[in-house]
1. Can you give the FRET efficiency for I57 and Q95, using 1/(1 + (r/R0)^6), R0 = 22 Å, r = Cβ-Cβ distance, to the nearest 0.05?
2. Please tell me which of these pairs span more than 26 angstrom C-alpha to C-alpha: K156/K239; K105/K239; K116/K289?
3. Applying a 10 Å radius around every beta-carbon, put 226-235, 262-271, 85-94 in order of their mean neighbour count, most first.
4. What FRET efficiency comes out for E130 versus A161 if R0 is 45 angstrom and r is the Cβ-Cβ distance? Round to the nearest 0.05.
5. Could you give the length gained by full extension between Q65 and E84, i.e. 0.36 nm per residue of separation minus their alpha carbon distance, to one decimal place?
6. Between Q265 and R29, what is the FRET efficiency for a Förster distance of 25 Å, r being their Cβ-Cβ separation, to the nearest 0.05?
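Just so you know, all these numbers are worked out from the coordinates, no wet-lab data involved. Remember, it's a predicted structure, so these values are computed and weren't measured experimentally. Because the Cβ atoms are built from the backbone with ideal geometry, glycine has one as well, and the counts that use them run over all protein chains shown.
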Amino acid sequence: MPSRLGVVTILGLTVLVLTGCQNVPLTGRQQLALIPPNQMMAQASQAYGEFMQQARIIQGTREDQMVQRVGRRIQHAVERYMTEHNLAGQLHGYQWQFALVDDAKTPNAFCMPGGKIVVYTGILPLTRDEEGLAAVLGHEVAHAIAQHGSERASQKMLASAAGAAVSSVAAGAVTKSSSAADQAKVKLLAAGFGAAATYGVLMPYSRLHESEADRMGMHFMALAGYDPHKAVDLWARFKVVAHKGKQVPPEFFSTHPSDDTRITQNQATLPEVLPIYQANLPRRLAEEK
Ligand SMILES: [Zn+2]
């Protein structure tokens, strides 16, 4: 018999999930949003500040100027898109920052909630030129706009709350004979739930987030007047480097697996974004004059 507390907790969690949902801009996917955006952004802002204090930041070089130029152009393109789709309110609290960090051994870039984006110099040989960099920045900006960090935090919160409910239900079942063996079973059950949540929910979501960031990123780079073919080329280059191995630390590839599926998906996105690129290229060329 499940304990009453367990049942109430599960009901409470169900209500939380039903009310704590929102739609991702552009893709329209429903996502879990249990944490207030200002709370996520405040935490990210603090973490970013701490990161920047110990990072070797490059400022004023040609490469940094390129990061700032491409970053701002994509930021402005996204702001136009959100305004045109009556979604500008969702950008409330965003403070976009683009930083180039000196670390030739790290071929990576990342984003934090609220629009803090970091590019390591180690990724520049792979991005090659301005449009390759636009593919990476479009992808990172997309993670920020889609609030993937907040969604993962919400899923973890829910998984641990549900895990606690599972153990309370299980604990209710063994109270009468709370032998050490039974208690161990309860612990195993709760741990098993944690592993199931990680591998059953959180890991597939990380792949889903990557696909979503690729598609949204290609839209955003096209809106900024950058050729989205360059995103397909970029991930194909990553695949080659990843398969050569050793030259590059594996961390980027564990979070950004570049395989045939990813490349095929991005090729399939091209027909929807090429007209957007063609419509927005003149604006970029005019700005560059
Ligand atoms: Zn990513």
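1. Details: r = 17 Å, r/R0 = 0.76.
In this case the efficiency is close to 0.85.
2. Numbers: K156/K239 30 Å; K105/K239 18 Å; K116/K289 28 Å.
Exceeds cut-off: K156/K239; K116/K289.
3. Most protected by this proxy first, the peptides run 226-235, 262-271, 85-94.
4. Working: r = 45 Å, r/R0 = 1.00.
According to the calculation, E is roughly 0.50.
5. Numbers: separation 19, 0.36 × 19 = 6.84 nm, distance 2.84 nm.
That works out to 4.0 nm of additional length.
6. Working: r = 15 Å, r/R0 = 0.59.
Result of the calculation: an efficiency of 0.95.
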